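The values are calculated or read from the model by the stated rules, or taken from the named source; none is laboratory data. No experiment lies behind these values; they were computed from the predicted model shown. Methodologically, a virtual Cβ is constructed for each residue, glycine included, from the backbone with ideal geometry; neighbour enumeration extends over all protein chains shown. These accessible areas exclude ligands, DNA and RNA; they are computed on the full protein's heavy atoms, side chains included. Shrake-Rupley method; radii C 1.70, N 1.55, O 1.52, S 1.80 Å.
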Amino acid sequence: GFTWGDPVVLEPPAPGHRFSANNACLLRLGTGRILLAAREYTDVRHPFAFLSDDDGRTWRAGGRMPDAPLTPEERAQQNINEPSVCELADGRLLVTMRSVAGGQFFSWSVDGGESWGDPVLSPLRGGCSPCALRRLPDSDAVLAIWTPGLHQRSPLATAVSGDGGRTWDNVKLL
């Protein structure tokens, strides 16, 4: 971190749109690929990931997340956004995205972020706050940290999944 190379400009999936990345969104996969979880702003927010296969020298946009099963009002308010991605022990990727639909939406990728499955409302219920996912070291388990409250961003909660995000145990309020 003492010296840095020249900045690299990243272009969103559609020219002229803006994008944002946040929430500890850089992830190096077991393949060496670097993934930057982001969201594109058009009429609504569209999560996607930038991908680099050359140690960050060049980047390209992977596919957008498919539309979530939201009402027109929910889609117009927030859609799904602020993605957080973790690599599962079997190499698949799990992404979580906040929404106003009462909980986190999950989607999985089997091709390193090139494409994503249809988002599903996860068991991690709560308000429209971002969630962070991390695989626990030397384990198949995934840790989630999110806000279960519907109307405020506290308290935080944690839970652990041993089956790639389908079920969650050991829920604790912080």
Contacts under 6 angstrom Cβ, first residue in the stretch 116-132 being in contact (Cβ under 8 Å) with a residue 60 or more places away in the chain, partner open to solvent by 20 Å² or more (accessible area, probe 1.4 Å), 6 or more apart: 130/23; 130/98; 132/145
Verdict on residue 93 being closer than 22 Å to residue 34 by Cα and in contact with a Ser or Thr (Cβ under 7 Å, 6 or more places away or on another chain): yes
Conditions (1) modelled with pLDDT of 85 or more; (2) hydrophobic (A, V, I, L, M, F, W, C); (3) farther than 17 Å from residue 164 by Cβ; (4) under 11 Å from the mean Cα position of the chain (by Cα): number failed by residue 80: (1)
Every residue from the stretch 48-96 that is polar (S, T, N, Q) and either surrounded by fewer than 20 Cβ atoms within 10 Å (Cβ to Cβ) or in contact with a Leu (Cβ under 6 Å, 6 or more places away or on another chain) (or both): 52, 58, 71, 77, 78, 84, 96
Residue tally, condition exposed (fewer than 13 other Cβ atoms within 10 Å of the Cβ), assigned to a strand (DSSP E or B) and among the polar types (S, T, N, Q), over the stretch 1-47: 0
Residues satisfying the stated conditions in the stretch 1-23, i.e. among the charged types (D, E, K, R) and either in contact (Cβ under 8 Å) with a residue 12 or more places away in the chain or closer than 20 Å to residue 83 by Cβ (or both): 11, 18
Subset of the stretch 154-165 [surrounded by 13 or more Cβ atoms within 10 Å (Cβ to Cβ) and assigned to a loop (DSSP other than H, G, I, E, B)]: 156, 162, 164, 165
Extreme residue, farthest from the chain's Cα centre (by Cα), among residues of the stretch 104-138 that are surrounded by 19 or more Cβ atoms within 10 Å (Cβ to Cβ), farther than 15 Å from residue 68 by Cα and among the hydrophobic types (A, V, I, L, M, F, W, C): 124
The stretch 120-133 - residue that is under 17 Å from residue 26 (Cα atoms) and outside any strand (DSSP E or B) and, of those, modelled with the highest pLDDT: 131
Some residue of the stretch 139-149 being open to solvent by 20 Å² or more (accessible area, probe 1.4 Å), on the phi < 0 side of the Ramachandran plot, part of a loop (DSSP other than H, G, I, E, B) and in contact with a strand residue (DSSP E or B) (Cβ under 7 Å, 6 or more places away or on another chain): yes
